[in-house]
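Comments concern the structure below.
Bear in mind that the values in this text are calculations on the coordinates, not laboratory data. Just so we're clear, the structure is a prediction, and the values are computed from it rather than from any experiment. A quick note on method: Cβ atoms are made from the backbone with ideal geometry, for glycine too, and the neighbour counts reach across all protein chains shown.
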């Protein structure tokens, strides 16, 4: 365009010289020179109307978009690849914040181009493209694609903690429960995506940490077993932290077998042996149940005492003072 304008200026200057000269003094060579300049200017002007078409906005290829959604243009890849359309056969160049990071040739006849960028540091970038068909010159830059690169994994979350409401064991901190969908909590980076995993059942729940980094997950149904539960954190670019230390939780939703019928101890049976008649108002009662279960002795609905069955399942309870009457004694068993 600049050369065409220069030629036009030269033409105008030539015309001006012709006007100031005396009539009839224009030579054949001058007229020929003006015609050549005019034709050259017209050709160059036509060429400026055929500038290389501006490429489409570069699009981050799906396999490189590792963010929360397939089109958020957030990635943990430091050499992302882009796809777009340009003039068929033209040389396409992409830029990150104005700096060239890759070139390729658009396919013929489709005009599709694919470019992998050179290594980019973590940060935000405006990705643009230009095309050069080798005749009309380099096009103007395309509109920009806003790209974010983040390759740093988030910090490791804390060890998961079984909520006291879900810990149905004999202590609030024994991590024993009959709840197959227990609730666990912990801390991590604020706003981060947290995944809870069992060594037995795989991924069992997800949550987003709040603004203070606190998270809580009620799991999917867990099998009855010991579970090593770990938490990992995942950021919006798809970077995943190292797993936290494990919390071992025992899931036991099966009630223990009913204890055997309670038996009056021989030493407490003052009547005929095994007639269960006694003058002892604080008799000793024996029985068997599942090992290590908690035993409660009842007279009707009144509790007469508790104990724990030993490793062989044997248990013994000496009651408090009982009234002189017939007592129907039963025993219940509760596991840990």
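Stretched out straight at 0.36 nm per residue, the stretch from residue 151 to residue 107 would grow longer than its current Cα-Cα span by 12.7 nm. Counted by neighbouring Cβ atoms within 10 Å, the residues 219, 151 run from fewest to most as 151, 219. Taking other C-beta atoms within 10 Å as the exposure proxy, 101, 248 rank 248, 101 from fewest upward. Here are labelled values, (1) 27; (2) 36; (3) 66, and one is the computed percent of Cα pairs over 31 Å apart for what I pasted. Which one? Label of the calculated value: (3). Helical runs (DSSP H, four residues minimum) scored at -39500 (n - 2.57) apiece and divided by the length of the chain put the mean residue ellipticity at 222 nm at -4000 deg cm²/dmol. Multiplying the residue separation of residue 272 and residue 245 by 0.36 nm and removing their Cα-Cα distance gives an extension gain of 3.5 nm. Note: region 52-92, Cα convex hull, 75 Å³ per residue. The modelled label-to-label distance for the pair residue 97/residue 296, using points 7 Å beyond Cα in the direction of Cβ, is 6.8 nm.
Subtracting the Cα-Cα distance of residue 255 and residue 311 from their residue separation scaled by 0.36 nm leaves 18.4 nm. Here 90, 312, 168 are placed in order of increasing Cβ neighbour count within 10 Å, fewest first, which gives 312, 168, 90. Taking the Cα atoms of region 192-307, the ratio Rg/Rh between the radius of gyration and the Kirkwood radius comes to 1.34.
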